[in-house]
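Undergrad: One structure coming up, written as structure tokens, with questions to follow.
Rule-based calculations on the coordinates, nothing more; no lab input. Given the structure is predicted, the values throughout are model-derived calculations rather than measurements. Here the Cβ positions follow ideal geometry from the backbone for every residue, glycine too, while neighbour counts run over all protein chains shown.
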Amino acid sequence: MYRELKKKRLLIDGGRCSRCGRTDCLTIHHILPKHAGGKDELDNLVTLCDACHRTEHLIRKERKAHLKKVKLDLKSIKIDRNFDIWTSGILYIWFMVMDMVCSGLKPPQGFQKNN
């Protein structure tokens, strides 16, 4: 099944890296990693050359480090009697979504504007 999906993704992307257009040393990359809940679906796969694939993983690593920093920043916010746990959770989710948008990722489905 996954092998067939990889072939379809490669055909959809025209046998080229979706970032740089290279046609050799291609691999199929999960946009949302499986360990983070990503699935083996066409919409979650993209064709990348080896160089762009390595770059994507470096970017992801930097993004994780940034999210850790954001979490630390959120912990440093002083909670007063008007700032409840629900509000802090919404604020945390907002920071995560904004980080995704700023880094070029599509926000989770529930945060996308419906047309």
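Undergrad: Working only within region 26-38, note down all residues that are part of a loop (DSSP other than H, G, I, E, B) and either surrounded by 11 or more Cβ atoms within 10 Å (Cβ to Cβ) or in contact (Cβ under 8 Å) with a residue 24 or more places away in the chain (or both).
TA: If the condition is that a residue be part of a loop (DSSP other than H, G, I, E, B) and either surrounded by 11 or more Cβ atoms within 10 Å (Cβ to Cβ) or in contact (Cβ under 8 Å) with a residue 24 or more places away in the chain (or both), then Ile31, Leu32, Pro33, Gly38 are the ones that fit.
Undergrad: Still on this structure, please answer the following. Would you tally the residues in region 1-11 being surrounded by 12 or more Cβ atoms within 10 Å (Cβ to Cβ) and either outside any helix (DSSP H, G or I) or of a type in the set (D, E, K, R) (or both)?
TA: Residues in region 1-11 being surrounded by 12 or more Cβ atoms within 10 Å (Cβ to Cβ) and either outside any helix (DSSP H, G or I) or of a type in the set (D, E, K, R) (or both): 3 in total.
Undergrad: Restricting to region 46-61, and then to whatever is of a type outside the set (S, T, N, Q) and outside any helix (DSSP H, G or I), can you tell me which residue is surrounded by the most Cβ atoms within 10 Å (Cβ to Cβ)?
TA: Leu48
Undergrad: Report, by residue number, each residue of region 12-25 that is of a type in the set (Val, Ile, Thr) and either within 11 Å of the chain's Cα centre (by Cα) or in a loop (DSSP other than H, G, I, E, B) (or both).
TA: The answer is Thr23, and nothing else.
Undergrad: Ok, one more. I'm trying to understand the selection: among the residues of region 23-39, which are closer than 13 Å to His57 by Cβ, out of contact with any Gly (no Cβ under 9 Å at 6 or more places or on another chain) and among the β-branched types (Val, Ile, Thr)?
TA: Correct list: Thr27 only.
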